[in-house]
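Chemist: Please see the structure below; I have some questions.
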Amino acid sequence: MKRENLILLADAYKYAHHKFYYPGTTQIYSYLESRGGMFNETVFFGLQYFLKEYLQGPAFTQQDLDEADEFLHQVFGRDDVFDKSKFQYILDKYNGHLPIKIKAVAEGTAVPTGNVLMTIENTDPECYWLTNFLETLLMQVWYPCTVATLSSQIRKVVTQYYDETATDGAEAGIDFVLNDFGFRGVSSVESAKIGGAAHLLSFSGSDNLAGSGMAINYYDAVKVYGLSVPATEHSICTLLGREGELEIFKHVLRTFPTGTIACVSDSFNIFKACEEYWGTELRDEILNRKGTLVIRPDSGDPIMTLIKIFEILFNKFGFTVNAKGYKVLPPQLRVIQGDGVNYTEIQNMYKALKDNGISAENLVLGMGGALLQKVDRDTQKFALKCSSAVINGKEVAVEKSPTEMNAQGNITPSFKKSKGGRLKLVKINGIFKTVNQQDKMEFADELQTVFENGAIINSLTFEQVRANLNTN
C-alpha cells in the first residue's frame, strides 16, 4: 500500500512559512506541552507510531514531490508559495531522510500539565522551515495521549472504589473493569488503532482489535493485550420477539455452558428480564455454571437502572457481605453498564453503588464514544510552539505572552503564554519540572532523543510503555 504523501500532510498556510521566517533564520526549535485541561497530568503516548508510520527512513519520494508540486500550485493558484526546491534539497542530499531531531519523555510517563513533553529541531540550517512544517502531523499525538490519560484517570477512580468497597483480592479484576467499545464510534480506523492501544496501557478489556494490532505492529508487543468474551447484541436477543426472549436467553446460556459470557437484556424490559427470566426461570442454571453471566442493560438512566437491577439480583440470587460491609453477588453473576458511560458518570455510578451498600466488584463498564471520540485537542490543551531560534548566527529565546479579556471586561494574562529558550524536563524530588537547558545541570534531562535524521532511536516496546505508566 502506498504511504501517505508526507509533503501534503500539513496545513496549507505552512507552505509559505519558508519565506515568512526572518532572513538569516537557520534553526527553529519547538516544544510540545499539555497546558492544562480536564486532568492535572498527561500520559505521553503514541509518538512512536507517528514516527514509524510517517517519518522514518525516506519520508517521501520524487514521485511524492512531483505530485505535491502540481497539487499545491492548484491550492494557491500561484507559483510563488510552494517551493519545490526546499524538499528537493532533502531528497537530493539526504535521500528523503528528514534532517530533524526529536527528543521526548519516555512514553507511558505521566507528566503534570504545563511541562515540556517533546522537542523538535532541524539539524540542517537550510531546513529551518521543516521544524514547524511537521507540527500538523506531530500535533496529532494529542489523541493517543488524551485517551491514555483518560483511561489512566478512570483506573484511579475504579481503584479508589475497589479499595473502599471491594473484597480483598478482587482488585485483580480491575484490569477488565473498563472495556473499549469504541471502534464503531471513531472517525477512522487509525483512530481506533491508536486510541485502542492507548486504552490498553491501563486496562485489558477491549472489543477493539485494532488497538492490540497497533501495539504489536508499532510497539513490538509480545502478545495480544485487548481481551474479550462472547457477548450478544440486540439482533440476537430480539430474533424471536418479546415472547421469545426467554428462549433466546436459554440458548445463550447453553451455547457457552462455561466461562464468562455477556448478554444484553434490555430489548423489552430489563427489570422483567432480571426478575423473571434470569432470576427465576434460569436462576439455578446460572448458579450451577462454571463461569460468569454478565447482564447488560443498554438504556435508561444509568444510576437508577443499575440500583434497581442490583436490588432485583440480590433478592433473586442472594449475596454475601464482604469484610468492608458491602454486598457482593455470587461469582456466577455480574453486571456491565455500556450505555451513557463517561468519566463523570463512572464516578457517579460507583458512588451510587457505595451509597447503597453495593461493592464495586459487581459492576464492569463498556465505554465507546466517550473513550475514543468525545475528546479533542483542548481536553488537555495541547500546543506545539517555537521557543528558540538561531537568526544570523545568534540564538534567541522565542515566546508568546498574550493577554485576553475575561467575562468581567478585565484584561488578564492568557493561559496560552508559551515557554522561551531551549528546554529540558528534570525530576526534582520526584516531581517533574521544565527548565532551560543551562539550568539545573545536576539533574538529568528526562527528554531522550527518539528520532534523528530519519532514524528512530531508543524505541520502546509496549511492555516498557505499560511499565512506565505503572511505575509513575
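The values are calculated or read from the model by the stated rules, or taken from the named source; none is laboratory data. Bear in mind the structure is a predicted one, so any value in this text is a computation, not a measurement. All Cβ positions, even for glycine, are placed from backbone atoms using ideal geometry, and neighbour counts span all protein chains on display. We work out accessible area using only protein heavy atoms, side chains counted, and drop any ligands, DNA or RNA first. Shrake-Rupley method; radii C 1.70, N 1.55, O 1.52, S 1.80 Å.
Chemist: So Arg289 fits all but one of (1) closer than 17 Å to Lys316 by Cβ; (2) free of Cβ contacts under 8 Å to residues at least 12 places away in the same chain; what number is the exception?
Modeler: All conditions are met except number (2).
Chemist: If I filter region 53-109 down to residues being under 30 Å from Asn217 (Cα atoms) and hydroxyl-bearing (Ser, Thr, Tyr), which single residue comes out as nearest to the chain's Cα centre (by Cα)?
Modeler: Thr109
Chemist: Say whether the condition of being under 25 Å from Asn453 (Cβ atoms), in contact with a helix residue (DSSP H, G or I) (Cβ under 7 Å, 6 or more places away or on another chain) and among the hydroxyl-bearing types (Ser, Thr, Tyr) is met by at least one residue in region 118-125.
Modeler: no
Chemist: Within region 143-189, take every residue that is in contact (Cβ under 8 Å) with a residue 40 or more places away in the chain and of a type in the set (D, E, K, R) and give me the one that is least open to solvent (accessible area, probe 1.4 Å).
Modeler: Of everything passing the filter in region 143-189, Asp180 is least open to solvent (accessible area, probe 1.4 Å).
Chemist: Still on this structure, I have one more. Would you mind stating whether Gln88 is touching a strand residue (DSSP E or B) at 6+ places or on another chain (Cβ under 9 Å) and either of a type outside the set (Ser, Thr, Tyr) or more than 30 Å from Ser202 (Cβ to Cβ) (or both)? Break it down into steps so the answer makes sense when it comes.
Modeler: On the way: touching a strand residue (DSSP E or B) at 6+ places or on another chain (Cβ under 9 Å): no; either of a type outside the set (Ser, Thr, Tyr) or more than 30 Å from Ser202 (Cβ to Cβ) (or both): yes.
No.
Chemist: Restricting attention to region 297-324, which residues are open to solvent by 50 Å² or more (accessible area, probe 1.4 Å), closer than 19 Å to Tyr277 by Cα and modelled with pLDDT under 95?
Modeler: Ser299
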